[in-house]
Amino acid sequence: MKVQTYQHKGPDKLDQKTIARFKKILLKEREQIVGEVKQIVESSKEMGQDGIQDIGDEAANIYNKQILLSLNENERLRLKEVDESLDRIENGTYGICEECGGPISMKRLEVRPVAKYCVPCLTKLEKGKL
């Protein structure tokens, strides 16, 4: 699939090489998340399989499983963000703010490759003005 040319201008211009670098970063992060989730699932399966337990052990295992499940939810959200970013790369909208259509700064993308809003729009969203 051909990636379109972006509307960025000046020092924040996203060229094909830069887009490829972000895609590589996002794919690596995706691989890491999937690996973490597999590890969490394995840890969850191992809990409570060591024979007879007293009520304290059982309570601790339930608590640990709840923590693992909430971690799993966080991982799902991270994975969704990464997949959405990869989709934006494929459809030529990566680096373009979903709110105003302007460019997302290179600095912001470097810090948060899954960013879908420019800083001004994010600030407005966080303050509830959009």
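The values are calculated or read from the model by the stated rules, or taken from the named source; none is laboratory data. For clarity, every value in this text was computed on a predicted model and none was experimentally measured. Positions of Cβ are generated from backbone atoms using ideal geometry, with glycine treated the same way; all protein chains shown enter the neighbour counts.
Remarks
- Any hit, the range 57-64, residues being over 30 Å from Glu42 (Cα atoms), at pLDDT below 85 and hydrophobic (A, V, I, L, M, F, W, C): no
- Qualifying position, being more than 23 Å from Lys129 (Cβ to Cβ) and either in contact with a Phe, Trp or Tyr (Cβ under 6 Å, 6 or more places away or on another chain) or not in a helix (DSSP H, G or I) (or both), among Tyr63, Tyr94, Tyr117: Tyr94
- Residue, nearest to the chain's Cα centre (by Cα), within the range 73-103, restricted to residues that are aliphatic (A, V, I, L, M) and within 16 Å of Arg21 (Cα to Cα): Val82
- Odd one out for Glu81, checked against (1) assigned to a helix (DSSP H, G or I); (2) on the phi > 0 side of the Ramachandran plot: (2)
- Subset of the range 97-114 [assigned to a helix (DSSP H, G or I) and either more than 22 Å from Glu31 (Cβ to Cβ) or in contact (Cβ under 8 Å) with a residue 60 or more places away in the chain (or both)]: Met106, Lys107, Arg108, Leu109
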